[in-house]
1. Quick one: which residues, 5 or more positions from residue 28 or on another chain, have an amide H under 5 Å from its amide H? H modelled 1.01 Å from N in the peptide plane, none for Pro or chain starts.
2. Taking every DSSP beta bridge with both residues inside the chain, roughly what % is antiparallel (nearest 5)?
3. How many lysine pairs does the chain hold where the Cα atoms are under 19 Å apart and the two sit 8 or more places apart or on different chains?
4. Run the simple label-point estimate for residue 95 and residue 2 please: 7 Å along Cα→C-beta, distance reported in nm.
5. Treat the count of other C-beta atoms within 10 Å as a stand-in for reagent exposure and order 19, 95 from fewest to most.
6. Could you run the Karplus curve 6.51 cos²θ - 1.76 cosθ + 1.60 with θ = phi - 60° over the range 25-42 and give me ³J(HN,Hα) per residue in whole Hz, x for Gly and Pro?
7. Using a basic spin-label model with each label point 7 Å from the Cα along Cα→Cβ, how many nm lie between residue 46 and residue 112?
8. Tell me, how many Å apart are the Cα centres for the range 99-114 and for the range 33-98?
Amino acid sequence: MVNAELEQGATEEDVKQVFEQTPRIKLVSAGDGYDSTGKIHEKMRDLERPRSDMPEAAVWEETIKVEDGTLYWIHMVHQESIVVPDNIDAIRAMFELTDQETSVKMTDKALDIE
């Protein structure tokens, strides 16, 4: 479980909206059948992603909680594929080829990341 001290007030819905709008983060729900990392991995296989890669972090909606100024959540990371888009963006940054936002959009489009 991840916990983060919030600098300003936020609700669980606020956090969900931020996660939904953040590139490379996917909200998943146990209620939709994603109650294990294996089932998420299987979904990537069903989507015919190469090697069942998931370059996004999957955050379980049900685990997002805000209590006493602290945010909590549980997420899943596919360690072999999550580094690929970040490395591509890092190469562009190193050579000052474009700004971060443009690079993320370019990489996500090239890798078919929603």
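1. 59, 60, 61
2. On the way: 9 of 13 bridges.
Once the DSSP bridges in the chain are tallied, antiparallel ones form about 70 percent.
3. Working: 16/26; 16/65; 26/39; 26/43; 26/65; 26/105; 26/109.
Pairs that pass both the separation and distance tests number 7.
4. Going by the 7 Å Cα→Cβ label model, 3.0 nm.
5. On the way: 19 17, 95 8.
Placing the least packed residue first, the sequence is 95, 19.
6. So the Karplus estimates, Gly and Pro as x, are 10, 10, 7, 10, 9, 4, x, 8, x, 9, 9, 7, 5, x, 5, 5, 4, 4 Hz.
7. 1.7
8. Centre-to-centre (Cα) distance: 15 Å.
Where a number appears in this text, it was derived from the coordinates with a stated rule and is not lab data. These figures come from a predicted structure and were not determined experimentally. So basically every Cβ, Gly included, is an ideal-geometry build from the backbone, and we count neighbours across all protein chains shown.
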